[in-house]
Amino acid sequence: MDKKRVDKKRMDHDKKVLVKNTFLQGAFISTLGIVISKILGILYVIPFHAIVKEQGGALYGYAYTIYSLFLGLSISGIPLAISKIISEYQTLGYYSAKERVFRIGKRLSTVLGLIAFIVLFIFAPTIAHAVLGDLTGGNTIEQVTFVIRVISTAIIIVPLLSIYRGYLEGHKYLTPSSVSNVIEQIVRVCTIIFGSYLTLKVFHQSLESAVGVAVFGATAGAFVSYFYLLDIVRRNKKTLQKRELKVTEPKITNKDILKKVFWYALPFIMIDIFKSLYDFVDMTTVVKTLGDTLHYTTKDAETIMSIISTWGSKFNMIITSISTGVIVSLIPNLTASFVVGDKKDINRKVNQTFQILLFLTVPMTIGLSMLAEPVWMFFYGASKYGAPVFCYFVFVALFTSLYTTSVTIVQVLKDYKTVFISLFIGVLLKALLNARLMVAFHTMGLPAFYGSITATIIGYFVSLIICLYVLHRKYEVNYETTFKELVNVLCSAFFMIITLLVLRFIVPQVVLSRLLNILIIAVYTLIGALVYFFITYRIGTVKRIFGEELLDKISKKFKKRKKQ
C-alpha cells in the first residue's frame, strides 16, 4: 500500500511539473524564473563587493566576459536550436527524429564544450595579456590567467545542461527549466559568498584565490541544476515521448539533423558572440583609453570598467531577463506558427512580444535610472563613479532587450542574412565609436565613460531598426498597434517621472545609511509602480496587451485565495 501511495504521489508531482504552457503562460513562467535568478544574482553582490572590493570586481568581470565569449563560440546557440527543431518535429509528428535530435545535441554539446575548455585553459595567459596589455597598478596578467582557467571548467557542464533545457522547452514544458535556473543561481550565489569569504577572511588566501572560488560557482551551480533536469527527464520519459499524431515520418538521417542543428544554431551562436563582443570592445578599450589617453588613474579606470562589466551589469540583468523569459516562450510558439504558415498569428505574436517588453522594461529602466543613487548606495556603499555611470548605463539594458528579441524573431523566421548584417553593423559601430566618443565626451566636458555607453546604445539601436524594417518589408509585420501602445507606455512613464520628481521634495534620496536607502527605494518603487500601472490600466493598455482572459484568471485566483 505504501509503495502504491508513493508511486501515486510521484506521478501526481510529475503531472504538476510537466504541464504545457501557452505563449503568455510560458512567457510569464520563464520570465519569473529568470527574474528570480537575476534578483539572487543582484543580492549576492552586496556581501561579495564588501569582500573583494573594486579590484576583485574587475577581476571577476574579466573572467566572466571571456567565459561568456567562449561559451558563445562553443555551444550557446545549440540549445535554442534544439528547442526550435524539437518544437518543429513535435508539431509535424516526427517523434523518432525528435528524440534523435536530443541525443545528437547531447553528444555535440559535450564534444564542443570539452574543446572550448581545453582551448580556454591553454590560451588563458595570451588572453590575459590581450586584456591588460602593459598596464600596471591593478590586477596582473597572472591573476587574470588564474580566474579564466578556473571559470573554464564551467564550459564542460553548462552545454549539456542547456541541451536538457532546450529539450523541455521545445515540448513547451517551461516550469522545470525555470526551476533549474533558480537552483543553479542559488548554488552559484552560495559558492560565491561563502567561498570567497572563507578563502579571503578565514583562510587568509589571496584576492585571486577568493575570486577564483567565486567564479567556480558557475561550475557548481551548473552541476546541481543538470542533475535536477536529468531526474525530471528520466521520470517523465513516457510523457515526453508520447505520440499525439499518427503520421508517416519521412527519412531523416543523422547527417540531415546535424545540418539542421548547425544552421539553426549558427545565428543564435552569432547573437551571443556579437553580444559578448560589445563587452570585449569595452574590456579592451575603456581602461586603456581612460588611462593612456585621458589620464585617469589605473584604479579609477578599472573601477569604471568594473561598474560596466560587473556591478552595473547585475542590475541590467533584471531588465534583460524579461526579454530572455519572453524569448524562451516565443521560440517554440513562433516556430509552430511559422511551420504551418500562419502569418496572421506570427504578426500577432511578434507585436504582443514587443508590447509586453515595452510595457515592462521602459518603466523599470527609467525607475532604476532615477534611483541610481540610493540603489548604488544600498548595494555597494558610497562610490565616486557608481551612480553617475549606472544612471546612464541602465539604458543599455532596454536597447539590448529590444534588439535581442527582434533578432531572435528574425532568426526563427530563418532570415539568417538579416541576423548577420544587423549583428555585424552593430558591433562595427561599437568598435569604431567607442574610444572616439569617449574622447569627444571628455572634450565637451562630459564624463568620458558616457561615450562608451552611448556607443553601445547606438550599436544596438541601429541593429534593432534593421531587424524591424526587414520584419515589416519581408514578413508584413505591422507595428501600428505596438506604436500606439508605446505612446501610451511613454505617457504613463512620463507621469511616473513627474510623480517621482515631486516625491524628491518630500523624501530626499541622498542618505548615507543603507537601512534608510531600503525604505527610500521601497517608497519610490511602490509609488512609481502604482502610478504607472494605474494609468496604463485606466487607458486600457494592460487589457489590450495581456488580454482580458489572462486578467480574469489572475483575478479569480486572488478571489479564491481570499475566500480560503
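The values are calculated or read from the model by the stated rules, or taken from the named source; none is laboratory data. Everything numeric in this text was worked out from a predicted model, so none of it was measured. For neighbour counting, all protein chains shown are included, and Cβ atoms are generated from backbone atoms with ideal geometry for every residue, glycine included.
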The listed residue being in contact (Cβ under 8 Å) with a residue 60 or more places away in the chain, under 22 Å from Phe420 (Cβ atoms) and either crowded, with 24+ Cβ neighbours inside 10 Å or out of contact with any strand residue (DSSP E or B) (no Cβ under 8 Å at 6 or more places or on another chain) (or both), out of Ser96, Ser74, Ser87: Ser74
Cβ-Cβ under 7 Å pairs, at least 6 apart or on other chains, segment 338-359 side free of Cβ contacts under 8 Å to residues at least 40 places away in the same chain, far side surrounded by 15 or more Cβ atoms within 10 Å (Cβ to Cβ): Asp345/Ser337
Residue in segment 214-227 that is assigned to a helix (DSSP H, G or I) and out of contact with any helix residue (DSSP H, G or I) (no Cβ under 8 Å at 6 or more places or on another chain) present: yes
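How many residues are closer than 28 Å to Leu433 by Cβ and surrounded by fewer than 19 Cβ atoms within 10 Å (Cβ to Cβ) if we restrict to segment 446-482?
Let us first name the residues in segment 446-482 that are closer than 28 Å to Leu433 by Cβ, namely 446-473, 479.
Of the ones still in play, those that are also surrounded by fewer than 19 Cβ atoms within 10 Å (Cβ to Cβ) are 446-447, 457-458, 461-462, 465, 469, 472-473, 479.
Total meeting the criteria: 11.
Quick one: in segment 214-236, of everything that is without any contact (Cβ under 8 Å) to a residue 60 or more places away in the chain and either of a type in the set (A, V, I, L, M) or in contact with a Ser or Thr (Cβ under 6 Å, 6 or more places away or on another chain) (or both), which residue is nearest to Ser196 (Cα to Cα)? Before you say what the answer is, go through the steps one by one.
Looking only at segment 214-236, we keep the residues that are without any contact (Cβ under 8 Å) to a residue 60 or more places away in the chain, and these are 217, 220-221, 224, 227-228, 231, 234.
With either of a type in the set (A, V, I, L, M) or in contact with a Ser or Thr (Cβ under 6 Å, 6 or more places away or on another chain) (or both) added as a condition, the list becomes 217, 220, 224, 228.
Working: Gly217: 10, Ala220: 14, Val224: 20, Tyr228: 26 Å.
Result: Gly217.
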Tally of residues being touching a residue at least 40 places away in the same chain (Cβ under 8 Å) and more than 26 Å from Val407 (Cβ to Cβ) across segment 257-300: 12
Matching residues in segment 451-496 - criterion: being in contact with a Gly (Cβ under 8 Å, 6 or more places away or on another chain) and either β-branched (Val, Ile, Thr) or free of Cβ contacts under 8 Å to residues at least 24 places away in the same chain (or both): Val462
Hits in segment 243-267 - residues which are among the hydrophobic types (A, V, I, L, M, F, W, C) and either in contact with a His (Cβ under 8 Å, 6 or more places away or on another chain) or not in a loop (DSSP other than H, G, I, E, B) (or both): Ile257, Leu258, Val261, Phe262, Trp263, Ala265, Leu266
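In this structure, does Thr285 turn out to be within 21 Å of Lys98 (Cα to Cα) and assigned by TED's automatic domain parsing to the domain that holds Val410?
Numbers: within 21 Å of Lys98 (Cα to Cα): no; assigned by TED's automatic domain parsing to the domain that holds Val410: yes.
So Thr285 fails the test.
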